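Below you'll find the structure, written out as structure tokens, and then a few comments.
The values are calculated or read from the model by the stated rules, or taken from the named source; none is laboratory data. Fair warning: this is a prediction, and the values are worked out from it, not measured in the lab. Heads up, the Cβs are rebuilt from the backbone with ideal geometry, glycines too, and the neighbour counts pull from every protein chain shown. Surface accessibility is based on the protein's heavy atoms, side chains included, excluding ligands, DNA and RNA. Shrake-Rupley method; radii C 1.70, N 1.55, O 1.52, S 1.80 Å.
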Amino acid sequence: MSMNGVYVRLTPSELSRALDDPVWAKEYADELLEAESDLVHLPSTSRTHHTYRAWHALDFLLRRRGFPVDIVHGEEEIPGTEDWGGYGPPRCVTPERVRVAADALAALTCAELIEGVTPGHLAEAGVYPVSPWADEHSLGLVTGIHQPLAAFFRTTALRGHALLTWID
């Protein structure tokens with residue numbers, strides 16, 4: 001079983017409810033994920049997004065660049081939540097912080113994201129999953145998710161929405 005980065009877009013009122021009622025938050029997130037599981041959605045219409053196995057490499061690369069928002073793990077705890085996927089509880093990114101992240105992602109090119117990093121650096125750092133970091137083309141696992149993730153954050157920011165994120 002692989003570990004995957006998961007995002008669910010919430011309106012401000014849905015975020016407020018999620019913060020007050022973590023059981024509802026889990027049920028609602030599951031409903032949204034189920035509704036979009038078999039469909040291909042554009043980032044502009046989707047309420048969910050996945051970074052798949054690239055989540056840890058993305059975290060590694062963004063942290064080394066001093067990215068202003070923790071978009072991989074989220075920034076604020078959801079009070080009363082438990083582990084949603086075997087790798088910890090969900091966290092949220094508020095609408096204000098989503099805007100900051102969206103702007104920063106838009107300004108960051110794929111080339112800049114991986115600048116100065118080799119697959120060997122990821123393997124040495126123990127970045128999950130370790131096995132793909134064996135060849136020079138393996139950084140494509142991360143660069144391939146950059147543009148869709150940036151578009152998802154841009155849409156979320158333009159709508160004034162928040163995000164729940166967790167590793168599943």
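A few notes on this one:
- Applying the set (1) surrounded by 13 or more Cβ atoms within 10 Å (Cβ to Cβ); (2) among the acidic types (Asp, Glu); (3) within 22 Å of residue 3 (Cβ to Cβ) to residue 103 leaves exactly one unmet item: (3).
- Residue match in the stretch 47-54 (condition: open to solvent by less than 80 Å² (accessible area, probe 1.4 Å), touching an Asp or Glu at 6+ places or on another chain (Cβ under 7 Å) and not acidic (Asp, Glu)): yes
- Selection from the stretch 1-26 of residues that are within 17 Å of residue 49 (Cα to Cα) and open to solvent by 40 Å² or more (accessible area, probe 1.4 Å): 2, 26
- The sole residue among 154, 91 that is closer than 25 Å to residue 28 by Cβ and in contact with a helix residue (DSSP H, G or I) (Cβ under 7 Å, 6 or more places away or on another chain) is 154.
- Subset of the stretch 12-61 [assigned to a helix (DSSP H, G or I) and acidic (Asp, Glu)]: 14, 20, 27, 30, 31, 34, 36, 59
- Filter pass, residue 67 being modelled with pLDDT of 95 or more, aromatic (Phe, Trp, Tyr) and more than 20 Å from residue 156 (Cα to Cα): no
- Only one of the numbered conditions (1) in a helix (DSSP H, G or I); (2) of a type in the set (A, V, I, L, M, F, W, C); (3) modelled with pLDDT of 95 or more; (4) under 20 Å from residue 4 (Cα atoms) is violated by residue 92, and that is (1).
- Note on the stretch 109-168: enclosed helices (runs of 4 or more DSSP H) holding 1 or more residues that are touching a His at 6+ places or on another chain (Cβ under 9 Å) and either of a type in the set (S, T, N, Q) or more than 18 Å from residue 66 (Cα to Cα) (or both) are 119-124, 140-158.
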